[in-house]
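J.: Right, I'll just put the structure down here and ask away after.
The values are calculated or read from the model by the stated rules, or taken from the named source; none is laboratory data. Values in this document were obtained by computation on a predicted structure and should not be read as measured data. Cβ: placed from backbone, ideal geometry, glycine included. Neighbour counts: every protein chain shown.
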Amino acid sequence: MTAMAHEPLTQDEVLLEWFLALDTPQGFRAELIEGELVVTPPPDGEHEDYIELVVGQVYRKSRTDMQFSANKGLTLASGGAGPQNHAIPDITFAPRRLRLFRTAGSWMPCDGVAMVVEVTSTRPQAHRAAKTHCYARGGIPLYLLVDRKASSITLFSVPERGDYRQLCVVPLGKPISLPEPFAFDLDTADFL
């Protein structure tokens, strides 16, 4: 009996396998974005306050009954070469009727996700560029970015060909309109 020869793993396969086997310290999160490993420390209190303000308003004001997951791993297409992206938004929203999170594993596809939310932290440029393209390639209809350094909030919408075709930027303190399925103005006065 002869041993079967195995094809050697590609560099992308090795990177993905290594990434999925990572054991990050408690509170830290690891993402694979555009072939780069990104490890983020636990968030500070201001970061968490912004998350709570967004979630609270979505629950109270959204036209569609939403469920959310904090720090849910999403698998997204890469920009060409490289392994599939693995991003962890601060918040992922989906219509409750879909019950997307009930049977999801650590990493789930983004089908059915209505909006992801990010609050900038130690690497704001990653949220402004690489993650924007990841979410657009994943077909996520809405990406809301609370940019603490720029004191603004940006809504990216209409994903097409790996980018969002529309964006609306307002300074923190001003309301920003969230379209269907949310259909309400997010008040950011308490973000100041």
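J.: Identify all residues within the range 39-81 that are under 30 Å from D12 (Cβ atoms) and of a type in the set (A, V, I, L, M); write none if there are none.
T.: Listed by number, the residues that qualify are V39, A70, L74, L76, A77, A81.
J.: Can you pull out the residues in the range 23-45 that are exposed (fewer than 13 other Cβ atoms within 10 Å of the Cβ) and of a type in the set (D, E)?
T.: Across the range 23-45, the qualifying residues are D23, E36, D44.
J.: Could I ask something else about it? Please indicate, with yes or no, whether at least one residue in the range 29-52 is part of a helix (DSSP H, G or I), out of contact with any Leu (no Cβ under 6 Å at 6 or more places or on another chain) and hydrophobic (A, V, I, L, M, F, W, C).
T.: Keep residues of the range 29-52 that are part of a helix (DSSP H, G or I), which gives 45-52.
Then keep just the ones that are out of contact with any Leu (no Cβ under 6 Å at 6 or more places or on another chain); that gives 45-52.
Those still in the list that are hydrophobic (A, V, I, L, M, F, W, C) too: 51.
Within the range 29-52 (the criterion being part of a helix (DSSP H, G or I), out of contact with any Leu (no Cβ under 6 Å at 6 or more places or on another chain) and hydrophobic (A, V, I, L, M, F, W, C)), the answer is yes, since at least one residue qualifies.
Residues checked against (1) in contact with a strand residue (DSSP E or B) (Cβ under 7 Å, 6 or more places away or on another chain); (2) in a loop (DSSP other than H, G, I, E, B); (3) aromatic (F, W, Y):
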residue: E118; (1), (2), (3): yes, no, no
residue: S121; (1), (2), (3): yes, yes, no
residue: C134; (1), (2), (3): yes, no, no
residue: I153; (1), (2), (3): yes, no, no
residue: S157; (1), (2), (3): yes, no, no
residue: Y164; (1), (2), (3): yes, no, yes
residue: P181; (1), (2), (3): yes, yes, no
residue: D190; (1), (2), (3): no, no, no
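J.: Continuing with the same structure: Is it the case that some residue within the range 130-145 is β-branched (V, I, T) and at pLDDT below 95?
T.: Within the range 130-145, one or more residues are β-branched (V, I, T) and at pLDDT below 95.
J.: Another one. So which residues in the range 89-112 are surrounded by 15 or more Cβ atoms within 10 Å (Cβ to Cβ) and either free of Cβ contacts under 8 Å to residues at least 12 places away in the same chain or within 16 Å of H133 (Cβ to Cβ) (or both)?
T.: Within the range 89-112, P89, C110 qualify.
J.: Another one. Look through T120, T188, T154 and report the one residue that is crowded, with 16+ Cβ neighbours inside 10 Å, of a type in the set (V, I, T) and within 12 Å of the chain's Cα centre (by Cα). Even if it seems obvious, please write down each step before you answer.
T.: Values: T188 fails: within 12 Å of the chain's Cα centre (by Cα); T154 fails: within 12 Å of the chain's Cα centre (by Cα).
The conditions single out T120.
J.: Still on this structure: Which residue pairs have Cβ atoms under 7 Å apart, sit 6 or more places apart or on different chains, and have a first residue in the range 56-67 that is part of a helix (DSSP H, G or I) and a second that is surrounded by fewer than 15 Cβ atoms within 10 Å (Cβ to Cβ)?
T.: Between residues of the range 56-67 that are part of a helix (DSSP H, G or I) and residues that are surrounded by fewer than 15 Cβ atoms within 10 Å (Cβ to Cβ), the close pairs are Q57/D187.
J.: Would you confirm whether or not the range 76-86 contains a residue that is within 16 Å of E31 (Cβ to Cβ), at pLDDT 95 or above and crowded, with 18+ Cβ neighbours inside 10 Å? Steps first, answer last, please.
T.: Looking only at the range 76-86, we keep the residues that are within 16 Å of E31 (Cβ to Cβ), and these are 76-79, 82-86.
Those left that are additionally at pLDDT 95 or above: none.
No.
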